[in-house]
Amino acid sequence: MDNFFNGIYKNANESYSNIPWATLDGNIYLKEYLENEKQTTNKKALVIGCGLGDDANLLFLHGYIVDAIDISQNAINLAKKRFPNTDINFMVQDIFNLPDFMKNNYDFIYEGLTIQSINPKFREEIIKTISNLNNTNGKLLVYTNIQNDNTSLGGPPWPLYKKELNLFNENGYETLSSKYLEESKQISPLKNISLFNKM
């Protein structure tokens, strides 16, 4: 998997339009969340699968102390180059082999379209791993594709089933909000944005 992503970032050669998921802007639903947040100073945030770094930079601009991880060294190199005048801690990390300091460490985590890029046979494991990174009362914002329980759209990427999104509840979270998005009314799979609170 790391070779696949590394290859895409390397072959892009800074022509970011060649990276299918690169928007060169922070996620609009993450922006909405941050606009409604009252206090972010000195809070720690983590971006999972940070890619070119736009979501990490958005959190940084809102006052968070930010760690941002990606399995691709080439992605991390590009993110550092794009945002050199920040204190964002861009790191190459394997989500299945994270250092101990990251556990129970974050007030806020953003996961956008990363879980679905990993083979579904690892879904329970990756959700459990992510769930161990928030501190108590920490927030988790998940942006993902969702498929109906009676469909199988294949992959990659592999859209989540609703029951898989509910695995966060089984790993210590309460759901604060969960909604399907206007952008996807005529598109299969649907998109979903969910906010969780770590109990």
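Identification of strands (runs of 3 or more DSSP E) wholly contained in region 55-131 with 1 or more residues that are closer than 15 Å to Gly26 by Cα yields 65-70, 106-112. The number of residues in region 176-199 being surrounded by 15 or more Cβ atoms within 10 Å (Cβ to Cβ), at pLDDT 90 or above and not aliphatic (A, V, I, L, M) comes to 7. Look at Leu133 and say whether it is in contact (Cβ under 8 Å) with a residue 12 or more places away in the chain, within 19 Å of Lys163 (Cβ to Cβ) and within 15 Å of the chain's Cα centre (by Cα). Considered against the rule, which asks whether it is in contact (Cβ under 8 Å) with a residue 12 or more places away in the chain, within 19 Å of Lys163 (Cβ to Cβ) and within 15 Å of the chain's Cα centre (by Cα), Leu133 comes out as no.
Test Lys31 against the criterion of being within 17 Å of Gly112 (Cβ to Cβ), surrounded by 13 or more Cβ atoms within 10 Å (Cβ to Cβ), modelled with pLDDT of 90 or more and of a type in the set (Lys, Arg), and give yes or no. In short, yes. Can you pull out every residue in region 20-48 that is touching a residue at least 40 places away in the same chain (Cβ under 8 Å) and in contact with a helix residue (DSSP H, G or I) (Cβ under 7 Å, 6 or more places away or on another chain)? Matches in region 20-48: Asn27, Leu30, Ala45, Val47, Ile48.
The values are calculated or read from the model by the stated rules, or taken from the named source; none is laboratory data. What you see is a predicted model; the values in this text were computed from it and never measured. Every residue, glycine among them, receives a Cβ derived from its backbone with ideal geometry; neighbour counts consider all protein chains shown.
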